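**Q** Quick one: the structure is below, and I'll ask about it shortly.
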């Protein structure tokens, strides 16, 4: 296969990417043309939010060509659109190695150990020795493939929540996983012996992902959208999302915790502890439980 690479300025990158997709390329990516030089400039924003600037000063816009697509015709069509002035040295074509991309992608995701009780295993490693040993050692083994919903088990906030559940969740306790993503926390709760377990997410794709992953792990998680959640309280409410929505959800999440129950929050940077405590101060007393790589897990125990 072949890629066509365009060099363009910041203000042209997004429009050029959109036009390439309309003209039938298979995929488009934008790279910093100054990477690995003194002019390299990072783009970043708060996790889950887009950065204010979506391209660099000078960009490489890389498009994967369909087999029957001629690069010269593509350049001609772009010039006809008049959206960008393309000199002959502003673009070039390069070959893409004929690799087994599925195998290469899978090789990036191996089994993940969380503490001494939980092992997260992609399906292509389910028969590996480490997975079989985990089963014989009575560890909680969660089969989970990377997908569209957040929660492969590799992120520090997911680790923190899993470690808390492994250490503190009691058999038959009810659990609400708010912002369930892939369903990993709800599935872990079920495998750790929880009773009724509900998973809620704003994203319908996440709800479907949770249902599918729960089925693959032979557990039952009641996954649904927020407006489908019935009234009621839980022994444990866990929410691994971002700080801003966590603050907005403070009254609702606190009210969902039973007397004697626990609220477990993650997705919070260590420098956000005080503002999160202030947001929940009228409802529950949040305290840091454990931190990892600059992230913190906050826990509150509701008085009986």
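**Q** How far, in nm, would the chain grow between residue 88 and residue 282 when pulled straight, counting 0.36 nm per residue and subtracting the alpha carbon separation?
**A** 63.4 nm
**Q** Using the count of nearby Cβ atoms within 10 Å as a rough guide to exposure, how do 297, 141, 161 rank from fewest to most?
**A** 141, 297, 161
**Q** In what order do 120, 268 fall by count of nearby beta-carbon atoms within 10 Å, going from fewest to most?
**A** Taking fewest neighbouring Cβ atoms as first place, the list is 268, 120.
**Q** Between residue 304 and residue 9, what is the FRET efficiency for a Förster distance of 51 Å, r being their Cβ-Cβ separation, to the nearest 0.05?
**A** Given R0 = 51 Å and the Cβ-Cβ separation, E is 0.20.
**Q** For region 149-301, what is the relative contact order in percent, using Cα pairs closer than 8 Å and at least 6 residues apart in sequence?
**A** Relative contact order, region 149-301: 22 percent.
**Q** Continuing with the same structure: Over region 149-301, what per residue volume does the convex hull of the Cα atoms give, in whole Å³?
**A** Normalising the Cα hull of region 149-301 by residue number yields 94 Å³.
**Q** Let me ask another. For a Förster distance of 35 Å, can you work out the FRET efficiency between the beta-carbons of residue 202 and residue 116, rounded to the nearest 0.05?
**A** The calculated FRET efficiency here is 0.55.
**Q** At what distance in nm do the modelled label points of residue 34 and residue 1 sit from each other, each positioned 7 Å from its Cα along Cα→Cβ?
**A** 3.1
**Q** Also: Taking 22 Å as R0, compute the FRET efficiency from the Cβ-Cβ separation of residue 255 and residue 215 and round it to 0.05.
**A** 0.15
FYI, it's all coordinate maths here, none of it is from the lab. Keep in mind the model is a prediction, meaning the values are calculated, not measured. Cβ: placed from backbone, ideal geometry, glycine included. Neighbour counts: every protein chain shown.
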